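The values are calculated or read from the model by the stated rules, or taken from the named source; none is laboratory data. Owing to the predicted nature of the structure, the values given are computational and were not obtained by experimental measurement. All Cβ positions, glycine included, derive from the backbone under ideal geometry; neighbour counts span all protein chains shown. For accessibility, only protein heavy atoms count, side chains too; no ligands or nucleic acids. Shrake-Rupley method; radii C 1.70, N 1.55, O 1.52, S 1.80 Å.
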Amino acid sequence: MTQVASFTIEHTRYLDLRGRPTQPLPAFAENRDVLIALYKAMVLTRTFDAKAVSLQRTGRLGTYASSLGQEAVPVGVAAAMRAEDVFLPSFREQGGQMLRGVRMVEILLYWGGDERGSDFTGPREDFPICVPVGTHAPHAVGVAHAFQLRGEARVAVCVFGDGATSRGDVYEAMNLAGVQRLPVVFVVNNNQWAISVPRARQTAAETLAQKAVAAGIPGIQVDGNDVIAVRQVVGTAIEQARAGEGPTLVEALTYRLSDHTTADDASRYRDDAEVSARWKEEPITRLRQHLSDGGQWTKTDEETLIGDCSAQVEAAASEYLATPPLPTTSMLDHLYATLPAALAEQRAEVEEATEP
Ligand SMILES: Cc1ncc(C[n+]2csc(CCOP(=O)(O)OP(=O)(O)O)c2C)c(N)n1
Ligand SMILES: [Mg+2]
């Protein structure tokens with residue numbers, strides 16, 4: 001017998017659970033301002049999530065997917081991108097969207113059922129939130145193919161969950177990206193749960209990163225609660241893709257501390273003890289500890305930041321609540337240039353039923 005293939009999966013972490021470096025930090029992390037910007041983006045994300053959940057609980061927002069405990073993944077990913085790259089998030093990457101310039105009011109409008117929430121004033125070419133699990137992975141490959149055909153040094157960055165890695169769309173996307181050596185980076189936001197399905201029931205594979213192996217592309221694992229590691233590992237993958245060296249799959253290990261969405265009650269299928277234990281790993285305290293150990297973050301800095309974040313989030317919520325709703329027919333206005341007959345009929349019915 002001859003061994004014809006073998007593979008290893010590497011895991012990267014820079015900060016331990018108490019924020020102490022486990023190895024020399026990457027160059028960008030020597031810059032205090034860069035680390036503080038990452039920290040602020042994570043705190044703003046958490047503040048925004050809390051407000052969005054309370055808006056939903058008081059009947060002023062539709063279903064919402066919190067990113068509590070997972071903030072380092074989208075923030076680290078977005079921080080690693082250039083403005084001209086294209087971000088294709090799923091539905092839990094609001095922290096990354098915000099860092100790329102999507103306005104908080106737009107994200108609230110989206111979850112409030114308003115189509116204008118996907119018409120970003122900032123990153124015009126970033127994709128809207130993708131709720132269908134994994135269907136944006138082939139879209140990312142299409143975007144990357146366009147970059148390759150046009151000879152543009154840009155990268156498509158697509159984030160999806162652990163559950164999405166069981167979907168054909170994701171395999172097909174990785175396969176084609178591998179064959180064509182496309183400038184795309186896939187990031188698995190592995191939060192250990194897909195609604196009530198735990199990671200162990202999702203796949204028999206030891207890691208999700210190794211799903212890259214069958215596509216002939218590199219697969220790497222990173223501590224997804226260590227924003228420095230996410231920024232560094234995803235950043236390296238993005239720059240390789242930009243240089244024509246092909247795609248990468250990065251598995252970011254994190255944990256969903258919240259319910260799946262506001263329509264879920266995770267206490268029905270998950271032990272409180274598991275969740276409490278995972279709180280010790282969350283990314284914000286870890287980076288704060290690192291910054292304050294280095295004398296770079298004080299109690300006053302923290303108080304100022306909390307005040308700033310609340311003010312920004314409250315202003316966005318007020319703007320959202322003051323936005324007059326679109327007519328109900330708008331739900332049929334953004335899919336087709338020309339509405340197919342069956343939908344045109346439905347649109348007319350909606351118009352008749354909702355006209356003042
Ligand atoms: C194609 C499709 N099937 C089912 C659903 C219902 N659904 C919404 S989220 C979800 C689980 C997703 O899990 P994961 O990919 O791990 O992402 P997470 O929600 O944990 O971030 C499912 C099954 C959906 N939105 N789309
Ligand atoms: Mg998941």
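For this structure, a couple of remarks:
- Extending 7 Å from Cα along the Cβ direction at SER310 and again at LEU17 yields two label points whose distance is 3.0 nm.
- Anisotropy class of the stretch 77-185 from Cα gyration tensor, a/c 1.5 cut: oblate
- Spatial extent of the chain: Rg and Dmax, with the Cα atoms as the point set, Å: 20.8, 77
- Distance cut-off 20 Å, percentage of C-alpha pairs in the stretch 1-124 lying past it: 53
- Alpha carbon centroid spacing (whole Å) that separates the stretch 81-151 from the stretch 176-212: 20
- When DSSP beta bridges are restricted to pairs lying wholly in the chain, around 10% turn out antiparallel.
- For the stretch 1-94, trypsin sites (Lys or Arg not before Pro) are listed when DSSP marks them as loop and at most 16 other Cβ atoms sit within 10 Å of their Cβ; the list is ARG18, ARG60, ARG82.
- Ligands, DNA and RNA aside, MET104 has an accessible area near 30 Å² when probed at 1.4 Å.
- If you bin all the Cα-Cα distances of the stretch 158-301 at 10 Å, starting from zero, the percentages per bin are 11, 35, 31, 19, 5, 0.
- Between the stretch 260-281 and the stretch 57-76, the alpha-carbon centres lie 14 Å apart.
- Straight-distance candidates among the aspartates and glutamates for linking to LYS299, with alpha-carbon spacing under 16 Å and chain neighbours fewer than 8 residues away dropped: ASP308.
- Heavy-atom accessible surface of the chain: percent carbon and sulfur, 1.4 Å: 52
- Accessible area of the chain divided out per residue, in Å², using a probe of 1.4 angstrom: 47
- For the chain, built as a Gaussian network whose Cα springs stay under 10 Å, the top-fluctuating residue of LEU99, LEU257, LEU332: LEU332
- Nearby lysines by direct alpha-carbon distance to LYS51 (threshold 18 angstrom, same-chain neighbours under 8 apart not counted): LYS40
- Shape of the stretch 300-356, Cα gyration tensor, a/c cut at 1.5: prolate
- Solvent-accessible surface ranking, highest first, for TYR336, TYR39, TYR320 at 1.4 angstrom: TYR336, TYR320, TYR39
- Cα-based reach from LYS280 at 15 Å (exclusive), listing aspartates and glutamates while leaving out same-chain residues under 8 positions away: ASP16, GLU71, ASP223, ASP226, ASP272
- Computed accessible area, TYR14, all protein chains, 1.4 angstrom probe, square angstrom: 20
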